[in-house]
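Student: My questions all concern the structure below.
What follows is calculated from the coordinates using simple rules that are stated; it is not laboratory data. Predicted, not measured: the structure shown is a model, and the values here were computed from it. Note: ideal-geometry Cβ built from the backbone for every residue, glycine included; neighbour counts use all protein chains shown.
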Amino acid sequence: MDIELEAKKIRSELEKFSLPAIKLFPKAEKAEHIWSTKFGGKPYWPKGKAYPVSDDGAKLILLAQLNFDELPKLSQYPESGILQFFIEDDDVYGMDFDRPTEEVISSPSGYRIIYHPEIEKNELYLEQDLPGANDEHFLPASREYRIECILDKEIPSPTDYRYEMYASDPLEYEDDLAEYVYENFSAEGSKIGGYASFAQEDPRISEKKDNWLLLFQMDSELVGDNQIMWGDMGVGNFFIEREALKKKDFSKVWYNWDCC
């Protein structure tokens, strides 16, 4: 079998199902402003607004902040405002393994997604004394990262539950072809939109949640002398239902992470 020829045929079929994505590239530098797009660091937060806490009353820590005023435009996703992802400072990064998925999505304790439609740029009206990621926290990112980005598109990853619908079960490929596909059709990397990547299995398979789109993905990677690390080279994903995304309703977002 000519592996590259077979893979080219598969890619040609998969390109019909390509999705746009904003690829995010962290740099080990502080972001320009408190309201800038970034991973980690202290969050943008208007004074007088209730800050997200866990059920135990612990303040959640900023994982990522996306300023859509600064980012390329992506259909269905916000065109302006700030979207923030907060998680709990614990050894499972705010994941809840004890409650049913539906219950966690409807009433999360260890994570929260906050959307600010309008951005206040007068720092006198912003909170300054809020927690930020550091080496003392149980967090994938232990410092602030400035973000660079590009608008791109990508084909389905073999770890995404839709791959089998668009092509065939990659586990049924011959070993050499399967290895090539997993290495070259990957959806790794941090991004907004596009296809998700998983170290283990796409949780949407077992939950049969085929209407949930990838909202945001943060991947493990080395950034100079620093690292973003989900357990053992894992990846964090946040999913949202299509209609909720159109309405900019981020009250029910499905958070998942896994590692090798």
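Student: Could you please state, rounded to a whole Å, how far the C-alpha centre of the stretch 205-260 is from the C-alpha centre of the stretch 27-106?
Tutor: 12
Student: Moving on to the next point. Rounded to the nearest 10 degrees, what's the angle between the helix 3-14 long axis and the longest principal axis of the chain, both from Cα atoms, 0 to 90?
Tutor: 60
Student: What ranking do 125-132, 196-203 get when scored by the average of other Cβ atoms within 10 Å per residue, highest first?
Tutor: 196-203, 125-132
Student: Taking a quarter of the surface of the convex hull around the Cα atoms of the chain, what do you get in nm²?
Tutor: 14.3
Student: Let me ask you something else. Mind checking the dipole of the chain: about its Cα centre, +1 per Lys or Arg Cβ, -1 per Asp or Glu Cβ, Debye to the nearest 20?
Tutor: The calculated dipole for the chain is roughly 1420 debye.
Student: For the residues 205, 10, what sequence is obtained by ranking on other C-beta atoms within 10 Å, fewest first?
Tutor: Going from sparsest to densest Cβ surroundings: 205, 10.
Student: In addition: Based on the Cβ-Cβ distance from residue 200 to residue 119, what FRET efficiency comes out when R0 is 35 Å, to the nearest 0.05?
Tutor: For residue 200 and residue 119, the calculated efficiency is 0.40.
Student: If each residue of separation counts as 0.36 nm, what is the full-extension length gain between residue 79 and residue 136 once their alpha-carbon separation is subtracted?
Tutor: Stretched out fully, the residue 79 to residue 136 stretch lengthens by 17.0 nm.
Student: Hey, what angle do you get for helix 175-184 against the long axis of the chain, alpha-carbon based, 0 to 90 degrees rounded to 10?
Tutor: 30
Student: Continuing with this model, one more query. By counting other Cβ atoms within 10 Å of each Cβ, how are 259, 149 ranked from fewest to most?
Tutor: 259, 149
Student: Set the Förster radius R0 to 22 Å, insert the Cβ-Cβ distance between residue 186 and residue 252 as r into 1/(1 + (r/R0)^6), and round the FRET efficiency to 0.05.
Tutor: The pair residue 186/residue 252 has a calculated efficiency of 0.15.
Student: What is the extension gain from residue 12 to residue 107, computed as 0.36 nm multiplied by their sequence separation minus the C-alpha to C-alpha distance, in nm to one decimal?
Tutor: Fully extending the segment from residue 12 to residue 107 adds 30.0 nm.
Student: Based on the Cβ-Cβ distance from residue 178 to residue 222, what FRET efficiency comes out when R0 is 25 Å, to the nearest 0.05?
Tutor: The formula returns an efficiency of 0.40 here.
Student: Based on the alpha-carbon set only, what is the convex hull volume of the stretch 163-254 divided per residue, in Å³?
Tutor: 133
Student: Moving on. Quickly rank 234-243, 88-97 as a protection proxy: mean count of other C-beta atoms within 10 Å, highest first.
Tutor: With the highest mean Cβ count within 10 Å placed first, the list reads 234-243, 88-97.
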